[in-house]
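The values are calculated or read from the model by the stated rules, or taken from the named source; none is laboratory data. What you see is a predicted model; the values in this text were computed from it and never measured. Cβ atoms come from the backbone with ideal geometry, glycine included; neighbour counts cover every protein chain shown. For the accessible areas, the whole protein counts, side chains as well, though only heavy atoms, and no ligand, DNA or RNA atoms are used. Shrake-Rupley method; radii C 1.70, N 1.55, O 1.52, S 1.80 Å.
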Amino acid sequence: MQLTSRQVGQYRQSGYLLLRNVLSAEEMTVINGEVANVFAQDSPGRILEKDQTHVRTVFAPHTINEVFAELARLPRLAGAARQLAGEDVYVHQFK
């Protein structure tokens, strides 16, 4: 995915860029379908609420789930991030 100069300009001015419809409905169905699997995995990155029943967050799901690993490497997203950063990018934190 190649961002337009206008999109890059908006990012530079606002510090964020909202991209609509980057992921298809089918891709979102697959991703949403994996959330329960990631929440169910007892991993060091899974943080529960005080009630110890509900998942508060899962750090680094891309390290324990292939769907999230593919999402983190998705050329449409990584390419746009590379374009905005002006250099190669990597996942620092993902939840």
Scan the stretch 36-95 residue by residue and report those that are open to solvent by less than 70 Å² (accessible area, probe 1.4 Å), under 13 Å from the mean Cα position of the chain (by Cα) and polar (S, T, N, Q). Asn65
Which pairs have Cβ atoms under 9 Å, sit 6 or more apart or on different chains, and link a residue in the stretch 3-32 that is closer than 29 Å to Val67 by Cβ to one that is of a type in the set (D, E, K, R) and outside any loop (DSSP other than H, G, I, E, B)? Leu19/Arg76; Val22/Arg76; Leu23/Arg76
Inside the stretch 1-24, can you point out the residues that are open to solvent by less than 70 Å² (accessible area, probe 1.4 Å) and small (Gly, Ala, Ser)? Gly9, Ser14, Gly15, Ser24
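Out of the residues in the stretch 1-35 that are β-branched (Val, Ile, Thr) and under 16 Å from the mean Cα position of the chain (by Cα), which is nearest to Gln83 (Cα to Cα)? Talk me through it step by step, then tell me what you get.
Initial filter on the stretch 1-35 (β-branched (Val, Ile, Thr)): 4, 8, 22, 29-31, 35.
Narrowing further to those that are under 16 Å from the mean Cα position of the chain (by Cα): 22, 29-31, 35.
Values: Val22: 16, Thr29: 27, Val30: 27, Ile31: 25, Val35: 29 Å.
The extreme case among them is Val22.
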Within the set of pairs 6+ apart or on separate chains, which have a first residue in the stretch 80-95 that is over 26 Å from Val35 (Cα atoms) and among the basic types (Lys, Arg), a second that is at pLDDT below 95 and open to solvent by less than 60 Å² (accessible area, probe 1.4 Å), and C-beta atoms under 9 Å apart? Arg82/Val89
